[in-house]
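For reference, the structure discussed in these notes is given below.
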Amino acid sequence: MYKHVWKLIDECHYITLISHINPDGDTLGAALSFYPTLKQMGKNVSLVNTTKEIANKYDFLPNFKKIKKSLPEKCELLISFDCGSLDRLGIKKGNFKIINIDHHQSNTLFGDINIVETSYASSTLVALEILEHHHKITKDEALCIYTGLVEDTGFFTHPNTDVLAFESASRLISRGVNPSEVSQNLKMRNSLAKTRLTALFINSIELLNDAKIAVGTISQKDLKKTGALKNDTDHLVDILRNLATVELAILILEEKDSNYKISLRSKSHLDVSTIAQSFNGGGHKRAAGFESTNKNIETIIKQIREKATL
Ligand SMILES: [Mn+2]
C-alpha cells in the first residue's frame, strides 16, 4: 500500500496536504509531517485548512505559518490527514486524486488510496509508517508526529495508549523531540480569556441519569463576555468526563449561526461514535461529535440520552 502512496506522489507535481476543520494536533501534525519531504522532492506543495481560526498553540510546529485557508488553483493530488469524511475537509471534490490517511473507525474511504489504520492511536502514527517506508525521519517530522500522538492519547492516558504508541514515542524522542517542550507548548500557554471561559463552563454543568451523564454548554454570549475563541473550548469536555460518576460527557457549543456543535466523550464502556453517527457525525468509541441545526438543546440532549445505554 505504501508503495502506491509514494508512486502516486512521484507522478504528481501539484500536491495539497489538507487537515480537517476545527483542527487538532493530530490532523495538523500529520499534514505538516509530510511537507518537508515533498518539498525536497521538488513538488509544488500547499498546506490547507479551511477553518477560520486555528489555535495558536500549534504555532511551534514547523511550517505552521504556511497553512492557507483555501485550495490552490492547481491541484493534482490531495492528501487528507485524520479526516473521516470529505465534508469534514470543508472543500468540494475536484479534478484531483485523493490519498486518505486516517485512523477513524467511521472513515468513509473517500480516497483513491485509503490508508486507514483504526487500531493506531493517532493519524500521525500512520503518517510515520508511510514516511519511514521512504526515509529515516528528521527532527522536524518527528516533532509533528509526536504532537499528534500526545494529543490523541491524552498524553498517554486514553485507552488507545498501547505498545505501538510508546515504541513510536521512544523512536521520535531518539530523533530529537523534547517531550517537555511539546507539553509546555500545548498545555502551558493558556490565555486569561480561556481560563475565564472555563470558569463559566464549570458553572453551567448539569448532571443527569444518576450523575452518569454530565452536560455543559458554551454560548456565543460566553465567548463574547470572556473574549475567548472557539478553539479555547477544546479542553472543556474532558472536565465533564473527569467527574467521578460520569460515563457520558456532553459538550454543547453554540456556533455563530446558532447551530450547535456537540462533543461526546465516554469513560469506560459506552460507544459514542455510534451515537454521533446516528446524528450524521462521527469519531471514535470514546470521543466523537456531530453538528445540529436543531435550536432546541433540550431535545438534542433527550435524544442522546435515549441512545445511550448506561
Ligand atoms: Mn486523530
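The values are calculated or read from the model by the stated rules, or taken from the named source; none is laboratory data. This structure is a prediction, so every number in the text was calculated from the model and none was measured. Counting neighbours? That spans all protein chains shown, and the Cβs are built from the backbone with ideal geometry, glycine included.
The table for this structure:
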| read-out | value |
| --- | --- |
| Residue 178 vs. criteria more than 16 Å from the ligand (Cβ to nearest atom), in the same structural domain as residue 91 (by TED's automatic domain parsing) and polar (S, T, N, Q) | yes |
| Selection from the stretch 137-159 of residues that are crowded, with 18+ Cβ neighbours inside 10 Å, within 16 Å of the ligand (Cβ to nearest atom) and in a loop (DSSP other than H, G, I, E, B) | 153 |
| Test: residue in the stretch 61-77 that is in the same structural domain as residue 141 (by TED's automatic domain parsing) and within 16 Å of the ligand (Cβ to nearest atom) | yes |
| Count of residues meeting criterion [more than 16 Å from the ligand (Cβ to nearest atom), among the hydrophobic types (A, V, I, L, M, F, W, C) and touching a Lys or Arg at 6+ places or on another chain (Cβ under 8 Å)] in the stretch 17-60 | 3 |
| 2 or more residues under 30 Å from residue 145 (Cα atoms) and among the charged types (D, E, K, R): qualifying strands (runs of 3 or more DSSP E) within the stretch 182-300 | 260-266 |
| The stretch 183-203 - residue that is crowded, with 16+ Cβ neighbours inside 10 Å and in contact (Cβ under 8 Å) with a residue 40 or more places away in the chain and, of those, farthest from residue 218 (Cα to Cα) | 185 |
| Number of positions in the stretch 251-290 that are loosely packed, with under 15 Cβ neighbours inside 10 Å and among the charged types (D, E, K, R) | 3 |
| Considering residues of the stretch 67-109 that are closer than 26 Å to residue 128 by Cβ and polar (S, T, N, Q) only, the residue surrounded by the most Cβ atoms within 10 Å (Cβ to Cβ) | 80 |
| Scope the stretch 59-110; condition within 20 Å of residue 147 (Cα to Cα) and among the acidic types (Asp, Glu); matching residues | 59, 82, 102 |
| Those residues of the stretch 160-182 which are buried (at least 16 other Cβ atoms within 10 Å of the Cβ), polar (S, T, N, Q) and more than 30 Å from residue 218 (Cβ to Cβ), in sequence order | 168 |
| Search result, residues across the stretch 81-103 that are at positive phi and among the small types (Gly, Ala, Ser) | 90 |
| The stretch 119-136, subset assigned to a helix (DSSP H, G or I) and of a type in the set (S, T, N, Q), residue farthest from the ligand (Cβ to nearest atom) | 124 |
